[in-house]
Amino acid sequence: MSRTITINRAPVLTLWAAVVAERLGFEWHEALTLGRAVAGLTAHSKGERLGLFEPTPEAIKDKRRLQHAKTAA
């Protein structure tokens with residue numbers, strides 16, 4: 001008898017990335033934040049591939065880069 005288990009992969013990816021970051025020397029709260037960022041970016045990327053989100057237009061990306069460069073300088 002075969003049983004199938006379905007899980008949400010976002011929490012698993014978050015935990016995995018957090019453990020990796022912690023082993024690289026980050027504090028747990030920092031590692032967890034990095035894990036959440038990895039899971040969020042992965043989810044958004046998949047959403048774009050599935051057509052659920054539209055990619056950000058290049059004009060907006062360029063404007064953000066310029067604004068970031070001004071604040072960093």
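The values are calculated or read from the model by the stated rules, or taken from the named source; none is laboratory data. On a predicted model such as this, the values are computed, not experimentally measured, just so you know. Here the Cβ is made from the backbone with ideal geometry for all residues, glycine too, and neighbour counts use every protein chain on show.
The table below lists the values:
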| read-out | value |
| --- | --- |
| Filter result for ARG3 (among the basic types (Lys, Arg), assigned to a loop (DSSP other than H, G, I, E, B) and either touching a His at 6+ places or on another chain (Cβ under 9 Å) or at pLDDT 90 or above (or both)) | yes |
| Test: residue in segment 34-48 that is in contact with a Gly (Cβ under 8 Å, 6 or more places away or on another chain), free of Cβ contacts under 8 Å to residues at least 12 places away in the same chain and either outside any loop (DSSP other than H, G, I, E, B) or of a type outside the set (A, V, I, L, M) (or both) | no |
| Any hit, segment 2-25, residues being touching a helix residue (DSSP H, G or I) at 6+ places or on another chain (Cβ under 7 Å), without any contact (Cβ under 8 Å) to a residue 40 or more places away in the chain and acidic (Asp, Glu) | yes |
| Residue list for segment 28-65, restricted to those being modelled with pLDDT of 90 or more and among the aliphatic types (A, V, I, L, M) | ALA31, LEU32, LEU34, ALA37, VAL38, ALA39, LEU41, ALA43, LEU50, LEU52 |
| Any chance THR14 is part of a helix (DSSP H, G or I), loosely packed, with under 10 Cβ neighbours inside 10 Å, out of contact with any strand residue (DSSP E or B) (no Cβ under 6 Å at 6 or more places or on another chain) and hydroxyl-bearing (Ser, Thr, Tyr) | no |
